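Here's the structure we're looking at; comments come further down.
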Amino acid sequence: MTKEKSKLRMMIQCGIFAAITAVLAQVEVPLPLVPISGQTLAVGLTATILGSRYGALAMVCYAALGAVGLPVFAGLKGGAQVLVGPTGGYIFGFIATAFVTGLILERTKYNLTMAMIANTAGMIITLLFGTIQLKFVLDLTWGQALAGGVYPFIAVGLIKAFLASWIGITVRSRLIQAKLLSGGKKVAA
């Protein structure tokens, strides 16, 4: 496959994963300050399957789609006001999360253990970005920001990190076998 075709394929996959993130964002459990949604599961899947650069690019596409007003964020919300609002930090965190999660896997091995470590690190990054913006936008104390923006998400976040790791490694392996994804580093069992 030519370099141009390979790049085009990866750009299409970025678009697909931005769309998957938009769909999973609509799976949500409302909480007082920040809902639990499927977005972070999608971010972990994206990073585990596409890696650092393309995973982060897919999240940039997702954020850009929402920024221009498409209803891709949780609760079918869209617009720049979401990005500068209380939950916008989580969305910005998705970009860093995808990059770091993918980078950890690229520098180690694509196996379940390393994917779980990478996705857990990613969860921490998302929560960090989200909590900082939540604190400042709503003028909360750090204790209030942690109580509303971190503590309710730890157990669910670890479950989503495991699911993103397990599903992501499996799908990545299948895509590489089907020659639909460039392997870079092979998946280790």
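Derivation of every value follows stated rules applied to the coordinates shown; laboratory data play no part. The structure displayed is predicted, hence computed values, not measured ones. All Cβ positions, even for glycine, are placed from backbone atoms using ideal geometry, and neighbour counts span all protein chains on display.
Ellipsoid semi-axes for the chain, based on the Cα gyration tensor and the rule √(5λ), read 28, 18, 13 Å when sorted largest first.
Using the alpha-carbon centroid of each, what span in Å lies between the range 111-177 and the range 30-66? One Cα centre to the other: 10 Å.
Per the helix-only calculation at 222 nm, which mean residue ellipticity applies to the chain, given -39500 (n - 2.57) for every DSSP H run of n ≥ 4 and division by its residues, nearest 500 deg cm²/dmol? Kindly include the intermediate steps, with their values, before the conclusion.
On the way: 8 runs with 133 residues, N = 189.
Here the helix-only value at 222 nm equals -23500 deg cm²/dmol.
For Tyr110, the residues whose amide H sits under 5 Å from its own are Ala188, ignoring neighbours fewer than 5 places away on the same chain, with H placed 1.01 Å from N. Note on Val84 and Val68: their simple-model spin labels are 2.0 nm apart, each label 7 Å out from Cα toward Cβ. May I ask you to derive the FRET efficiency for Lys5 and Gln177 from their Cβ-Cβ distance with R0 = 25 Å, giving the value to the nearest 0.05? So the FRET efficiency works out to roughly 0.85. Expressed per residue, the C-alpha convex hull volume of the range 1-91 stands at 84 Å³.
Note on Thr108/Val156: beta-carbon distance plugged into 1/(1 + (r/R0)^6) with R0 of 22 Å gives a FRET efficiency of 0.30. Between Asp139 and Val23, the C-beta separation translates, for a Förster distance of 30 Å, into a calculated FRET efficiency of about 0.35.
Residue separation of Arg53 and Ile167 scaled by 0.36 nm, minus their Cα-Cα distance, works out to 39.1 nm of gained length.
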